[in-house]
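Peer 1: Take a look at this one; I'll ask things after.
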Amino acid sequence: MSDTETRGERIAKFLSRAGISSRRDAEAMIEAGRVKLNNEPVTHPAVFVKPGDMVLVDGKPVNEPERTRLWRYHKPDGLVTTHKDPEGRPTVFEKLPEDMPRVISVGRLDLTSEGLLLLTNDGALARELELPTTGWLRRYRVRVHGGVNPEVLKRLENGITVEGVKYGPITAGIDSVQRSNTWLHMSLKEGKNREIRRVMQALALPVTRLIRVAYGPFQLGNLPRGAVEEVNGKILREQIPFLRGK
């Protein structure tokens, strides 16, 4: 019998795998008193959940984590990537099909950004795919206002610091010029909050449209705007070593 079967797994990890939240958010939920184990309040994230235990979040039972699944979603602009928005703006998760299970996003796309957003029912997988150490490229098509000197883009290859924040290497090149706008292709591995917009603004090239076309081996392709499509389980395990032993 494995150690996990005898001792169980930490409750924050259990909630993450169940698609309730990330581990960090699960710890915040525990601290806020929103989680119970066998009807007893959970006060520390080191509590272990064993098979047959009953876990409640906000009084609602949490089902045992299902098999890991991943979806490609073509996010339109005008949606925020959060489950609840304090400003009342429409969210990605409100627009998903009703038959979708509870999912969380792999990283985020901001309100005015669009394109490929990966969704999963496994918080541990989401965390793994977000890490820069995973080494996956995020690829984008970016429209900026103004003409672009290719030499300026080369400044990004070794990283750049903007307002005290250091951004890692970014590969960028010109695709086309349309009147006062220039379309670029850009690739990066880290993906900090609003990274492309902030970096390009520092180069005096404000972004007017941003489309993510790939996240690691997964492509936006011809997926229609607003559509969601599950990744085949066999392909998922072929592309993600993290899952091969699961």
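The values are calculated or read from the model by the stated rules, or taken from the named source; none is laboratory data. The shown structure was predicted, so the numbers you read here are calculated from the model rather than taken from an experiment. Positions of Cβ are generated from backbone atoms using ideal geometry, with glycine treated the same way; all protein chains shown enter the neighbour counts.
So that you can scan it fast, the table gives a plain yes or no per residue for (1) at pLDDT 85 or above; (2) not assigned by TED's automatic domain parsing to the domain that holds ASN232:
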position	(1), (2)
SER16	no, yes
ILE20	no, yes
ALA28	yes, yes
VAL42	yes, yes
LYS75	yes, no
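Peer 1: Scanning the stretch 208-246 for residues that are basic (Lys, Arg) and modelled with pLDDT of 95 or more, which turns out nearest to HIS145 (Cα to Cα)?
Peer 2: Here is the first cut: in the stretch 208-246, the ones basic (Lys, Arg) are 209, 212, 225, 234, 237, 244, 246.
Restricting the remaining residues to those that are modelled with pLDDT of 95 or more gives 209, 212, 225.
Details: ARG209: 9, ARG212: 18, ARG225: 24 Å.
If we take residues in the stretch 208-246 being basic (Lys, Arg) and modelled with pLDDT of 95 or more, then ARG209 is nearest to HIS145 (Cα to Cα).
Peer 1: When the residues of the stretch 77-99 are narrowed to those that are in contact with a helix residue (DSSP H, G or I) (Cβ under 9 Å, 6 or more places away or on another chain) and at pLDDT 90 or above, which ends up surrounded by the fewest Cβ atoms within 10 Å (Cβ to Cβ)?
Peer 2: THR81
Peer 1: Looking at THR208, THR182, THR171 in this structure, which one is of a type in the set (Val, Ile, Thr), more than 30 Å from LEU15 (Cβ to Cβ), in contact (Cβ under 8 Å) with a residue 60 or more places away in the chain and not assigned by TED's automatic domain parsing to the domain that holds ARG237?
Peer 2: That would be THR208, the only listed residue that is of a type in the set (Val, Ile, Thr), more than 30 Å from LEU15 (Cβ to Cβ), in contact (Cβ under 8 Å) with a residue 60 or more places away in the chain and not assigned by TED's automatic domain parsing to the domain that holds ARG237.
Peer 1: Continuing with this model, one more query. Take LEU223 and tell me if it is of a type outside the set (S, T, N, Q), surrounded by 13 or more Cβ atoms within 10 Å (Cβ to Cβ) and assigned to a loop (DSSP other than H, G, I, E, B). It would help to see each step written out before you state the result.
Peer 2: Details: of a type outside the set (S, T, N, Q): yes; surrounded by 13 or more Cβ atoms within 10 Å (Cβ to Cβ): yes; assigned to a loop (DSSP other than H, G, I, E, B): yes.
The answer is yes for LEU223.
Peer 1: Being of a type in the set (Lys, Arg), surrounded by 12 or more Cβ atoms within 10 Å (Cβ to Cβ) and assigned by TED's automatic domain parsing to the domain that holds THR120 narrows it down to one of ARG194, ARG237, ARG198, so name that one.
Peer 2: Working: ARG194 fails: assigned by TED's automatic domain parsing to the domain that holds THR120; ARG198 fails: assigned by TED's automatic domain parsing to the domain that holds THR120.
After ruling out the rest, the residue left standing is ARG237.
Peer 1: What number of residues in the stretch 139-174 are of a type in the set (D, E, K, R) and either at pLDDT below 95 or part of a loop (DSSP other than H, G, I, E, B) (or both)? Working first, answer last.
Peer 2: The first filter runs over the stretch 139-174 and keeps only residues of a type in the set (D, E, K, R), leaving 139, 141, 143, 151, 154-155, 157, 163, 166.
Subsequent filtering for residues that are either at pLDDT below 95 or part of a loop (DSSP other than H, G, I, E, B) (or both) retains 151, 154-155, 157, 163, 166.
Final tally of qualifying residues: 6.
Peer 1: Could you list, in sequence order, the residues of the stretch 157-191 that are surrounded by 15 or more Cβ atoms within 10 Å (Cβ to Cβ), farther than 21 Å from GLY146 by Cα and not hydrophobic (A, V, I, L, M, F, W, C)?
Peer 2: Across the stretch 157-191, the qualifying residues are TYR167, GLY168, LYS189, GLU190, GLY191.
This table checks each residue for (1) without any contact (Cβ under 8 Å) to a residue 60 or more places away in the chain; (2) of a type in the set (A, V, I, L, M).
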residue: GLY8; (1), (2): yes, no
residue: ILE30; (1), (2): yes, yes
residue: GLY33; (1), (2): yes, no
residue: HIS44; (1), (2): yes, no
residue: LYS50; (1), (2): yes, no
residue: VAL55; (1), (2): yes, yes
residue: GLU64; (1), (2): yes, no
residue: LEU70; (1), (2): no, yes
residue: HIS74; (1), (2): no, no
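Peer 1: For GLY146, indicate whether it is on the phi > 0 side of the Ramachandran plot, under 24 Å from the mean Cα position of the chain (by Cα), touching a residue at least 12 places away in the same chain (Cβ under 8 Å) and surrounded by 12 or more Cβ atoms within 10 Å (Cβ to Cβ). Give the derivation first.
Peer 2: On the way: on the phi > 0 side of the Ramachandran plot: yes; under 24 Å from the mean Cα position of the chain (by Cα): no; touching a residue at least 12 places away in the same chain (Cβ under 8 Å): yes; surrounded by 12 or more Cβ atoms within 10 Å (Cβ to Cβ): yes.
So GLY146 does not fit the description; no.
Peer 1: Could you count how many residues in the stretch 84-123 are without any contact (Cβ under 8 Å) to a residue 12 or more places away in the chain and either assigned to a loop (DSSP other than H, G, I, E, B) or under 11 Å from the mean Cα position of the chain (by Cα) (or both)?
Peer 2: Here the count works out to 7.
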